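Undergrad: I'd like to ask you about the structure that follows.
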Amino acid sequence: MPRIGYFGPEGTFTEQATRSFCTDAGPIPPDSALVPLETIGTALDAVRAGEVEAACVPVENSVEGSVAATLDALVSGEPLVAVAETVLPIRFTVLVRPGTTAADVRTVATHPHAAAQVRNWLSEHLPGATVLPASSTAAAAVGVGRGEFDAAVAAPPAAERYPLDVLASNIADVRDAVTRFLLVRRPGTLPERTGADRTALAAVTADRIGALSEVLTELAAHGINMTRIESRPTRNRLGEYRFFVDFEGHVADARVGATLAALRRRCTEVRFLGSFPRADKVPNTVLPTNADTDFAAAAKWLEDVRAGHSA
Ligand SMILES: O=C(O)C(=O)C[C@]1(C(=O)O)C=C[C@@H](O)C=C1
């Protein structure tokens, strides 16, 4: 039975995302054992150590942006690649110990990304409460049960996992907020191309004028649509950044392969973070002259020129 880790403890949105992968046609066999892990770092390190075959982690939210802990953990240590993604709508539930009223709430705990998504609701409905960080929304619920906090902003499933009462539900400052999650494992057989794929990479550019524009130019020159770019310090020196770039296509596509090879030449460091089907199934745009057939025809012509058969 495969073991699949996730950013826990039980009752997080990430657990919900992990379960959405557990289908007959999905990337996780339905009979998998799901293993909650306390932090994003420990979840990904468990994959590296072979304690779990894969792990699910949050990567970006439509309100608060990227989950920095995930980006940093993806590039620190042995390589890991994403093989699937899913996107969940995010609405929160406020959990309290039985008998607690809103007037009793002096402290509210939750994951920082969650706090950012309910900031207005909290200031309106729990104005006297201090908002405290927890490692995850479910960790906040565990803390409420232990008497460490008066309330937790949690995922709806947490209400069934922990002996707490629901003080409020269906909460979100931005009603259509979503979070994207990745299923990550050690490098191996790549997911099949679907024609609606995403590739992710992390690149450290050389410290020279125009270095980042060279990266963007390679993408544009190969007709590739970038869907996200984010910078994170490399932690080596002030001012040195690693760029996390997501774009349309699969590494098996000729245009994507040519781009990755060019970035490998131009950047001081490039880490492939996976090619996988887009959760929204939006087909990749392939501009004229950038299809695999175009690359094959050009390679054949070049081969003939080098062999003296053509010019
Ligand atoms: O704490 C959780 O429940 C998580 O799954 C983490 C997380 C996140 O990192 O964004 C996931 C979805 C929500 O945006 C809030 C928190």
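The values are calculated or read from the model by the stated rules, or taken from the named source; none is laboratory data. Every value quoted in this text rests on a predicted model; they were computed, and no experiment measured them. When we count neighbours, we look across all protein chains shown, and the Cβ atoms used for this are built from the backbone with ideal geometry, even at glycine. To get the accessible areas, we keep the full protein, side chains included, count just its heavy atoms, and leave off ligands, DNA and RNA. Shrake-Rupley method; radii C 1.70, N 1.55, O 1.52, S 1.80 Å.
Undergrad: Would you mind checking which residues have amide H under 5 Å from ASN225's amide H? H placed 1.01 Å from N; only 5 or more apart, or other chain.
TA: Those lying under 5 Å, H to H, from ASN225 are GLU248.
Undergrad: Pick out the long, greasy-scoring helices in the chain: whole DSSP H runs spanning 20 Å or more along their own axis by Cα, mean Kyte-Doolittle at least -1.0.
TA: 292-306
Undergrad: Further question on the same structure: For ASP280, what accessible surface area do you get with a 1.4 Å probe? Give it in Å², rounded to 10.
TA: Spelled out: ASP280, probe radius 1.4 Å, area about 80 Å².
Undergrad: Mind checking the dipole of the range 73-147: about its Cα centre, +1 per Lys or Arg Cβ, -1 per Asp or Glu Cβ, Debye to the nearest 20?
TA: Charge dipole, the range 73-147, about its Cα centre: 280 debye, nearest 20.
Undergrad: Inverting the mean 1/r over all pairs of different Cα atoms, compute the Kirkwood radius of the range 1-138 and quote it in Å.
TA: About 16.3 Å for the range 1-138.
Undergrad: May I ask you to compute the full-extension gain from VAL305 to ARG106, defined as 0.36 nm times their residue separation minus their alpha-carbon distance, rounded to one decimal in nm?
TA: Using 0.36 nm per residue and subtracting the Cα-Cα distance, I get 64.0 nm.
Undergrad: Could you tell me the center-to-center distance, by alpha carbons, between the range 1-76 and the range 122-145 in angstrom?
TA: Using only Cα atoms, the two centres lie 23 Å from each other.
Undergrad: Could you work out the relative contact order of the range 181-311? I mean the mean sequence separation of Cα pairs under 8 Å and 6+ apart, divided by the number of residues, in percent.
TA: Once normalised by length, the contact order is 35 percent.
Undergrad: Let me ask something else. In the range 216-272, what percent of the accessible surface is made up of carbon and sulfur (1.4 Å probe, ligands and nucleic acids excluded)?
TA: The nonpolar share, carbon plus sulfur, comes to 48 percent.
Undergrad: Another question, if that's okay. Just read off the accessible area of TRP301 with the full protein assembly in place, 1.4 Å probe, to the nearest 10 Å².
TA: For TRP301, the solvent-accessible surface is approximately 130 Å².
Undergrad: If you don't mind, there's one more thing I want to ask. If you put +1 on each Lys and Arg Cβ and -1 on each Asp and Glu Cβ, how big is the dipole of the chain around its Cα centre, in Debye rounded to 20?
TA: 480 debye
Undergrad: Another one. Once you put a point 7 Å from the Cα of ARG265 and another 7 Å from the Cα of ALA296, both along the Cβ direction, what distance in nm separates them?
TA: Those two pseudo-labels are separated by 2.4 nm.
Undergrad: Still on this structure, please answer the following. Pick out, in residue order, every one of the trypsin sites (Lys or Arg not before Pro) in the range 159-257 that is DSSP loop and has at most 11 other C-beta atoms within 10 Å; say none if there are none.
TA: ARG175, ARG208, ARG235, ARG237
Undergrad: Hey, any idea what % of the range 14-167's accessible area is carbon plus sulfur with a 1.4 Å probe?
TA: 53 percent
Undergrad: On to the next question. Can you give the accessible area per residue of the chain, in Å², using a 1.4 Å probe?
TA: Roughly 47 Å² per residue, with all protein chains present.
Undergrad: 222 nm [θ] for the chain, helices only, -39500 (n - 2.57) per DSSP H run of 4+, per residue, to 500?
TA: Helix contribution divided over all residues of the chain: -8000 deg cm²/dmol.
Undergrad: Loop only per DSSP, at most 12 neighbouring Cβ atoms within 10 Å: give me the trypsin sites (Lys or Arg not before Pro) in the range 76-155, ordered by residue number.
TA: ARG106, ARG146
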